[in-house]
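Since the structure comes first, as structure tokens, the remarks are kept for the end.
Read the figures in this text as sums done on the coordinates, not as results from a lab. Values in this document were obtained by computation on a predicted structure and should not be read as measured data. Reconstructed Cβ throughout: ideal geometry from the backbone, glycine too, with neighbour counts over all protein chains shown.
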Amino acid sequence: MSEQLDLRFLYRKLRQIRRVEEEIARIYPSDKIKSPVHLSIGQESVSVGVCSALRDDDVVAATYRGHAAYIAKGGSLSRMFAELYGKVTGCGTGKGGSMHLVGMDKYILGSSAVVGTTIPISIGYALALKREGSGRVVASFFGDGATEEGVFYESLNFAALHRLPILFVCENNAYAIHSPLKKRWASTQLCERVRTYGIPAISIADSDVLEIRQWASEAIAGLRRSETGPAFLECHTYRWREHVGPNEDYQSGYRSIAELQNWKEKDQVEAIGVRLLPSERAEIDAEIDAEIAAAVDFAESSPFPGPEEVLTHVYAS
Amino acid sequence: MSEQLDLRFLYRKLRQIRRVEEEIARIYPSDKIKSPVHLSIGQESVSVGVCSALRDDDVVAATYRGHAAYIAKGGSLSRMFAELYGKVTGCGTGKGGSMHLVGMDKYILGSSAVVGTTIPISIGYALALKREGSGRVVASFFGDGATEEGVFYESLNFAALHRLPILFVCENNAYAIHSPLKKRWASTQLCERVRTYGIPAISIADSDVLEIRQWASEAIAGLRRSETGPAFLECHTYRWREHVGPNEDYQSGYRSIAELQNWKEKDQVEAIGVRLLPSERAEIDAEIDAEIAAAVDFAESSPFPGPEEVLTHVYAS
Amino acid sequence: MYTPANGQRSLRYVDALREATIQEMERDKSVFLFGLDVDDHKGIQGSTIGLQDRFGPERVFGTPLSEDAMTGVAIGAAMAGMRPIHVHIRMDFVLLCMNQLVNMAAKAHYMYGGQVRVPIVIRCMIGKSWGQGAQHSQALHSMFMHVPGLKVVMPSNAHDAKGCLIAAIRDDNPVLFIEHRLLYSTECYVPEEPYTVEMGRARICASGTDITLVGISNMVMECLRARDLLSEVGISAEVIDPISLAPLDIDAILNSVNRTGGLLVVDCAWTNCGASAEILARISESPKLHGPVQMERMGFAFSPCPPSPPLEQAFYPDPSKIAAKVHSMVRPLDREWSPDPEKTILSHELQFRGPF
Amino acid sequence: MYTPANGQRSLRYVDALREATIQEMERDKSVFLFGLDVDDHKGIQGSTIGLQDRFGPERVFGTPLSEDAMTGVAIGAAMAGMRPIHVHIRMDFVLLCMNQLVNMAAKAHYMYGGQVRVPIVIRCMIGKSWGQGAQHSQALHSMFMHVPGLKVVMPSNAHDAKGCLIAAIRDDNPVLFIEHRLLYSTECYVPEEPYTVEMGRARICASGTDITLVGISNMVMECLRARDLLSEVGISAEVIDPISLAPLDIDAILNSVNRTGGLLVVDCAWTNCGASAEILARISESPKLHGPVQMERMGFAFSPCPPSPPLEQAFYPDPSKIAAKVHSMVRPLDREWSPDPEKTILSHELQFRGPF
Ligand SMILES: Cc1ncc(C[n+]2csc(CCOP(=O)(O)OP(=O)(O)O)c2C)c(N)n1
Ligand SMILES: Cc1ncc(C[n+]2csc(CCOP(=O)(O)OP(=O)(O)O)c2C)c(N)n1
Ligand SMILES: [Mg+2]
Ligand SMILES: [Mg+2]
């Protein structure tokens, strides 16, 4: 892929996520989306950087703040919007909601609303991939808060012990809801800690999508090639909107608008966007808007599940 | 305390534990003790080293392999034997059993049979001590296996974040039941990992009781004096008997008798014993035997709880 | 009940929780409050707001995301003589600390022969609506009712919320204090001075002669609405609020059933091995039960909670379903009836804007 | 049942578990077995012994002490198409993985609109005796029965152990496979070829006319012994083994109760919100129930499990207590009776040398 093609590709993904999230925020006050939304605006580059280093048949696992990973891995926008609307055409047939997007056709494991919960599940998937022996890998996304849950350490240990093909990706946005790191972490030596399991760990400060992709690519190549086992990326990033819901919340006092400004200057949608020709960019933007409009249309025009559906899919058969 | 007095004190404690455990093993085939016993024979020096650095009003927390810590902290032998016998005079009135010794008069928190479970409880106690502000500390004992449970890391983080007066003591006997470390730990860098929480951590290789006490004393002095927060000791040691039950199990093949021999050469009961005059030693031994005989007598002659006792103490009132 | 009389103060459920906490923390220095987000500007929907400023960060503090260890912290601090209140903004998260709650908190007093006490309060909020879905909606009280050594209370109104929380804080045992999100904005008469609502004492919220309705937590409200709907067709339902589920005042329910001859238990949870199963079982095995009675249960549909609105509607009991069920029980020979849909729109659907 | 006929093979429960595992692992490469100590020389009391040698360390392996993460591993591997069997040597330890079991395993198929399946088997052993005490003795099946999406089986004999384990492994849902330690050494006829025992189908173990006894897990054995004791005083008890609790074959129980007019459910667990509560509730609310019947429950005393022998005896149901209770139900006007103590010594008390 030429560099320009590559930038187009990255821009498209970054912009797509940004615009989807903005569209959700736009629709939200209408109450058509009755599901708690945890927007990824500001954090797009982590998912895009990592997923652009993956193959189609690689696997991702993410969290309730998982729209970005879902889109970056190629999840259907129509089925995503339909899920947010609670429609039977949604990726979870209206049984998941915003916090539980899934797309197994694209190897997007369903996400969870209980912090930390998908981490061990993703290592289980990686165990299966290792047994399969086809070089596929898992990228497992989670927040800084998830690293406080004990299951994270249990998972690191097991993944390292079994040398599983998994890339752990911590999206460190410095907050868990409204609680800053210093109220939750005894120290910031996360990567040092991860390394004590024999897991190589890198911290990336500025959420630069190219840098993220580069480190992810190297790590993933290692995972595929060899038996060395897991790798870890800590990506510093920033959530621009409130923890849950469509709005900003800088008036509430738990963080400063200056912090936002600092991160806005590093905005990766813009950083990559400016490297395209304005015409290229406009073309992509228009395509994305059309795609989103179609997805919203699809969601709006899709039927709700019938009430009898409440009792289907409780058990697999 | 003169050096000789001190050695007598340490020897008495080490020998007391050894002999209690041997006595349990002797009685066990009679089925008078119907409770799973996890003997500390071989591991005495960890409890003795640490507890001899504690004040009477300091607190210990331990595990189902907790006889040593209970005795080292001064728990009543009579009430211990009575508890093993299931008698109403037992430290748990016959409701605890071997795995749940307790002695709140000596600040011995009840131990737990679920690995890792007392670790966060001990930090909770330490939180209360910190609020109290009287310089008391907690020593929390657990095995190498417990460090695999996520709650261990959650506890380290919280204890460090709140700078709690707690000494974590990992009794690393290299096995969890029959499983050696290499099957369970991705790496042996436990102390390095603990340090990433900002917690000072020391590994002691040979279970030398004086060395353990020295490091424990320094750490505890720090905990009392200052606001620097927890400390961590990893004490390598060795369980001479089977995981649970009174016997040896070298014939079963999961570990070698050579390993045992190596550790037997470091036996701390003997190492301290030989530094006493033979007459001193004989005198202490005789006292201990008498004490144990009295404790066993107490247990044997004590009544069982009446069946109606099954429903008392379910709720505190 | 507790409709404010002239001049009486009316308080919202959420404010009653906060007031109870403040009064107990002022009365007793050993009480402290902690948990994720208790110290932020939203303060657990307002129930803990401003408390850190008032009592300082040693007595009111947020935590890392470590539910398991934090529960251990509560237990350990309680063993040392303190009285912690640990808060979970969703009850679903207590599944992370079942080991501490069931293996330690419930058993410590017994297993250690009475040498320790574990006076902890675990506040858990049950989530509902706005598409929160399967993992933010569970009411798991029956898991705790199953375990000896634990107490479980689920107050359904602001008055009882305050009284039960004070009672729970003063209790020397671990208490699961379970709150329903949709009750937070409801208000009623709440005395200003501290008081306790006794655990193990049910309340007849409204008397009736044709059937006994037992509602749990927010289902008390729904049962009362169903009672209104039923009165229009001449059916008189008695509504009972157990308030506490462990201990459970089965006698109050039994006496009512002996009067009405019928029982419908409506839970905000699954029925299978649920509180409603226990109530039916106790009634049916009671030697004091007069003759045969008709008994039924309602609760969540036997599925995970779906977020899509029509599925959610099929999932939850509501006044209309309760009324229709009662009608079929009381007048089995009549043809099916259900109330006028106009009248059954849940008040919270008009007021509540989700999700948090 | 399943007394070996001439020439028929008799196998112990523990060996039946092992045989089922071997046969399924041979049949299906996606099956694997893991958990603490499955690979040591004791091999979970023998039920997994030699399997690592046979199938290699990729398909049979021990784990670190990390129950929560290991359950996630099982779920993730299952989502990828494998069929893990995860073993807990004591059921008490599943309290550490409730989040994964209840929030993920139970809900994934539903919450993800059918896109994933979670075919996992969680083997859990219930401990008893030799003073193991409060944390090594719990039978927590009702917590799982409460949760839609999970299946729960508790076979009471070697034949069903094999058939249920094979059925559980082949099932596309998470199955809690619950074993009682005291059943391990019991033997009966077990066919050599693989077979399944259908979930949701109870079995009448012994027929009778005066009362229906439902036994759960090892309580089936105790009920059968009680039946023998009762037959001496002319009381005829029917004994039913539900085998699986979720799904639960309530019709079989109901039909029996309609014949006998009485029901006693005996569980190896607490009764409060337990399986026994659910069974009583379903019977009492069934429109197919003919007339009033007497119903009772027996289970653990409502306390943590005590290790002291006399307390243990007070804690657990046994054939003598069951027989006495049945007598009081069937002949309420007679004076109290209980069987000759000589005859009621539990067979395991003669054979079993604890603790592991
Ligand atoms: C186990 C658990 N505890 C608490 C919560 C409530 N909660 C939801 S999101 C969140 C913060 C998580 O922070 P982080 O992992 O950093 O992710 P972010 O939201 O910042 O992306 C919390 C505490 C939860 N969902 N799960
Ligand atoms: C949570 C939990 N998982 C499993 C067990 C079963 N078990 C009992 S002791 C033990 C080994 C613990 O090893 P370690 O912590 O090193 O202590 P040690 O016995 O060596 O003193 C295990 C796995 C348990 N009791 N608790
Ligand atoms: Mg974060
Ligand atoms: Mg060990």
>> Using a 7 Å offset from the Cα along the Cα-to-Cβ direction at both residue A:251 and residue B:301, what is the distance between the two label points in nm, to one decimal?
In response: 8.0 nm
>> Please compute the volume of the convex hull spanned by the alpha-carbon atoms of region B:205-253 and report it per residue in Å³.
In response: 117 Å³
> Placing +1 at every Lys and Arg Cβ and -1 at every Asp and Glu Cβ, with all other atoms neutral, what dipole size does region D:9-190 have around its Cα centre, in debye to the nearest 20?
Replying inline: 260 debye
> Summing -39500 (n - 2.57) over the DSSP H runs of n ≥ 4 in chain A and dividing by its residue number, what mean residue ellipticity at 222 nm do you reach, to the nearest 500 deg cm²/dmol?
Replying inline: -13500 deg cm²/dmol
> Out of D:81, D:200, D:215, any idea which swings most in a Gaussian network model of chain D, alpha carbons joined below 10 Å?
Replying inline: D:81
> Most mobile of B:47, B:111, B:76 per a Gaussian network model of chain B (Cα springs, under 10 Å)?
Replying inline: B:76
> For a label point 7 angstrom out from the Cα of residue A:290 toward its Cβ, which stretches of region A:4-43 have the backbone nitrogen within less than 18 Å?
Replying inline: A:9, A:12-13, A:15-17, A:19-20
> Could you give the dipole magnitude of region B:3-303 about its Cα centre, charging the beta-carbon of Lys and Arg +1 and that of Asp and Glu -1, in debye to the nearest 20?
Replying inline: 700 debye
> Mind listing the Cα extents of region A:188-317 along all three principal axes, in Å, largest one first?
Replying inline: 52, 49, 39
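What list do you get for B:28, B:197, A:125 if you sort them by fewest beta carbons within 10 Å?
Least to most surrounded, the residues fall as B:28, B:197, A:125.
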> Once label points are set 7 Å from the Cα along Cα→Cβ at both residue D:27 and residue A:206, what is their separation, rounded to one decimal in nm?
Replying inline: 6.0 nm
>> For chain D, set up a GNM with springs between Cα atoms under 10 Å and report which of D:155, D:119, D:332 has the largest fluctuation.
In response: D:332
>> Just want to confirm a number: the relative contact order over chain B, from Cα pairs under 8 angstrom separated by 6+ residues, in percent.
In response: 24 percent
> Using all Cα-Cα distances in chain D, what percent lands in each 10 angstrom bin from 0 up to the longest?
Replying inline: 5, 25, 34, 24, 10, 2, 0
> Got the relative contact order for region C:9-190 handy, in percent, Cα pairs under 8 Å and 6 or more residues apart?
Replying inline: 28 percent
> Cα gyration tensor of region D:216-264, axes a ≥ b ≥ c as square roots of the eigenvalues: rounded (a/c below 1.5), prolate (a/b > b/c) or oblate?
Replying inline: oblate
> Got the relative contact order for region C:2-58 handy, in percent, Cα pairs under 8 Å and 6 or more residues apart?
Replying inline: 29 percent
> Out of every Cα pair in region D:219-327, what percent are spaced more than 26 Å from each other?
Replying inline: 18 percent
>> Rounded to the nearest 20 debye, what is the charge dipole size of the protein assembly as shown about its Cα centre when +1 sits on each Lys and Arg Cβ and -1 on each Asp and Glu Cβ?
In response: 120 debye
> To the nearest µm²/s, what D does Stokes-Einstein give for the protein assembly as shown at 25 °C and 0.890 mPa s, using the Kirkwood radius over alpha carbon pairs as Rh?
Replying inline: 76 µm²/s
>> Nearest the rotation axis from A to B, which residue of chain A has its beta carbon, and at what whole-angstrom distance?
In response: A:150, 1
> What shape does region D:123-191 take by its C-alpha gyration tensor, where a ≥ b ≥ c are the square roots of the eigenvalues and a/c under 1.5 counts as rounded, a/b above b/c as prolate, and the rest as oblate?
Replying inline: oblate
> How large is Rg/Rh for region C:1-107, to two decimals, with Cα atoms and a Kirkwood Rh?
Replying inline: 1.02
>> Per q in 0.14, 0.18, 0.23, 0.24 Å⁻¹, report the Debye log10 I(q)/I(0) for region B:1-80, using one uniform scatterer on each alpha carbon and no solvent.
In response: -0.47, -0.75, -1.12, -1.19
> Once you put a point 7 Å from the Cα of residue D:172 and another 7 Å from the Cα of residue B:282, both along the Cβ direction, what distance in nm separates them?
Replying inline: 8.0 nm
> Can you list, shortest first and in nm, the gaps between the label point of residue C:8 and those of its counterparts in the other copies, using a point 7 Å from Cα in the C-beta direction?
Replying inline: 7.0
> Where does the charge balance sit around residue B:273 when Lys and Arg score +1, Asp and Glu -1, over other residues with C-beta under 11 Å from its C-beta?
Replying inline: +2
> Label-to-label distances across copies for residue C:198, with labels 7 Å out along Cα→Cβ, in nm, shortest first?
Replying inline: 5.3
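Are there GluC sites (Glu not before Pro) in region C:2-84 that DSSP puts in a loop and that have at most 14 other Cβ atoms within 10 Å, and which ones?
The qualifying sites are C:58.
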> Between residue A:182 and the same site in the other copies, what are the distances in nm, shortest first, taking label points 7 Å from Cα along the C-beta direction?
Replying inline: 4.6
> Once the Cα gyration tensor of region D:9-190 is found, what semi-axes does its equivalent ellipsoid get, as square roots of 5 times the eigenvalues, in whole Å, sorted largest first?
Replying inline: 23, 19, 16
> Per-residue mean of other chain beta-carbon atoms within 10 angstrom of the beta-carbon, peptide C:124-133?
Replying inline: 5
> For chain A, what log10 I(q)/I(0) values come out of the Debye formula at q = 0.07, 0.08, 0.15 1/Å, with one point per alpha carbon and no solvent?
Replying inline: -0.26, -0.34, -1.26
>> Loop-only GluC sites (Glu not before Pro) in region C:157-202, please: DSSP not H, G, I, E or B, and at most 11 other Cβ atoms within 10 Å.
In response: C:192
> Restricting the count to DSSP beta bridges whose residues both fall in region D:153-283, what percent are antiparallel, rounded to a multiple of 5?
Replying inline: 30 percent
>> Taking the Cα centroid of region B:165-190 and of region D:50-82, what is the distance between the two, rounded to the nearest whole Å?
In response: 21 Å
>> Using the Cα atoms of region A:270-317, I'd like the radius of gyration and the largest Cα-Cα distance, Dmax, both in angstrom.
In response: 19.5, 53
> Going by a ≥ b ≥ c, the root eigenvalues of the Cα gyration tensor, does region A:221-275 fall in the rounded group (a/c under 1.5), the prolate group (a/b larger than b/c) or the oblate group?
Replying inline: prolate
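Of the cross-linked pairs C:128/C:321; D:128/D:321; B:34/B:183; B:95/C:162, which ones have a Cα-Cα span greater than 25 Å in the structure shown?
On the way: C:128/C:321 18 Å; D:128/D:321 18 Å; B:34/B:183 32 Å; B:95/C:162 36 Å.
In this structure, B:34/B:183; B:95/C:162 exceed 25 Å between Cα atoms.
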> What do the square roots of 5 times the Cα gyration tensor eigenvalues come to for region A:1-41, in whole Å, largest first, as semi-axes of the equivalent ellipsoid?
Replying inline: 30, 8, 6
